[in-house]
Structure formats: C-alpha cells, structure tokens
Amino acid sequence: MQKKTINMPDESSQEAVDEFWMQHACILAEKAAQQGEVPVGAVLVLGNQMISEGWNRSIQLHDPTAHAEMVALQKGGGKIKNYRLVDTTLYVTLEPCPMCAAALVHARIKRLVFGAFDLKTGAAGSVFNLVNDARLNHQIEIRAGVLESRCRQQIRAFFKARRQAHKLLKVSRDKG
C-alpha cells in the first residue's frame, strides 16, 4: 500500500492553510458518514505536512474512544514515534469532546482548528474549555469556526437522515 502525502503550498496565508486542511477533514467526515458513523474528520499536521488523519469509527470498532481526533493522535504518535506531538496542529470538523480535549492537552499539540461548535459536549470553549484551563500543564491555541457552515451541515444532515430512518422503522413496526 502506497502512503498518501498531502502538502500545503508554502506561500499561503494561515487562513488559507487552515481552510485547506479543514476541507480535507470534511472529506474524512464524509467517509465516516458513509460508514454509518457520526461525520467527524480530523487531520494532524506538522510544518504544513499531514502526519496522520482519522474519522469517527466508534460504532464500527465498538470502541467509545475511536473518535476522529483520537484516531489521528494515535496514528500520529506512531508515525513520529512519540506520544508528545509538539508543534502540531489538529484540524477537526467538530469541537472536541472532553475526552479528546484532554488527549490533545496530554499530547501537547500546539494548535487546534475546528469547524462546528458542539453546544452539548464541546470542550474547547462551548461547554467546557479544557484545552485552555490554566490549572493544566499545557494550553492550546484555538481557531474556531473554520468552514463552520459546511461542518455543521454535515452533522445536521447525518442526524436528520438518522431520525428519518428511525421514524420509518417505527412506522413499519407499528403497521406489522
């Protein structure tokens, strides 16, 4: 199997770089949705070069920790042979949950760039702010809302389809 290398052009602004990698994370989120997973994708980058990527796989792997961020962190640590991912940026389509936020702090990532806010379990400013809690030994630079509309729409479309499928199943059970 050939390794995939994606490099961001050096001459781009930080905003363009962030959008470039978030677009790739959105593609990974779509991959998750096609596999019946909540559509979240993540890309771990060092020096404008992708180290690893991940998408939600909790349902498929029967693993509550197999969130997109965790998958990307695990692969990234394996690739660079260190659990400390210093100077990296993680791009993720949805604001990390508390579990993922704690892992990001522990891994010492430098930047977190996310798309949609998670108003129920977000841990990078929405509900909690674990990634910048002064009581912890590391804080993370955050850029929120990158391609927010696209990222939010992926999540909404997934859950709308899921609710419709449940309604149809209920209707067919009630008739049978």
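The values are calculated or read from the model by the stated rules, or taken from the named source; none is laboratory data. These numbers come from a predicted model, not from an experiment. No Cβ is skipped: glycine too gets one built from the backbone with ideal geometry, and neighbour counts run over all protein chains shown. These accessible areas exclude ligands, DNA and RNA; they are computed on the full protein's heavy atoms, side chains included. Shrake-Rupley method; radii C 1.70, N 1.55, O 1.52, S 1.80 Å.
The table for this structure:
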| quantity | calculated |
| --- | --- |
| Probe 1.4 Å, all protein chains present, accessible-area order of 91, 83, largest first | 83, 91 |
| Cα long-axis angle, helix 68-80 against the chain (0 to 90 degrees, to the nearest 10) | 40 degrees |
| Percent accessible area from carbon and sulfur atoms, the chain, protein chains only, probe 1.4 Å | 54 percent |
| Calculated from backbone phi, Karplus (6.51, -1.76, 1.60) coupling profile of region 18-29 in Hz, x at Gly/Pro | 4, 5, 4, 6, 5, 4, 5, 4, 5, 5, 5, 4 |
| Residue-averaged [θ]222 nm for the chain, counting only DSSP H segments that reach four residues, each worth -39500 (n - 2.57) | -14000 deg cm²/dmol |
| Magnitude of the charge dipole, the chain, Cβ model with Lys/Arg +1 and Asp/Glu -1, debye to 20 | 840 debye |
| Spin-label pair residue 144/residue 119, simplified geometry with 7 Å Cα→Cβ offset, distance in nm | 1.2 nm |
| Cα→Cβ-extended label distance, 7 Å offset, between residue 84 and residue 60, nm | 3.3 nm |
| For the chain, the Rg and Dmax computed from alpha carbons only, in angstrom | 16.8, 62 |
| Contour excess over end-to-end distance, with Cα ends at residue 12 and residue 129 and 0.36 nm allotted per residue | 39.2 nm |
| Solvent-accessible heavy-atom area per residue, rounded to whole Å², over the chain at 1.4 Å | 56 Å² |
| Value of relative contact order over the chain, rounded to a whole percent, pairs C-alpha under 8 Å and six or more apart | 17 percent |
| Sequence-separation-based contact order of region 9-86, relative, with Cα cut under 8 Å and 6+ spacing, percent | 21 percent |
| For region 134-176, the spread of Cα positions along each principal axis, largest first, Å | 58, 26, 8 |
| Over region 80-176, relative contact order from alpha-carbon pairs under 8 Å, at least 6 apart, % | 25 percent |
| Rg/Rh ratio calculated on Cα atoms of region 30-132 (Kirkwood radius) | 0.94 |
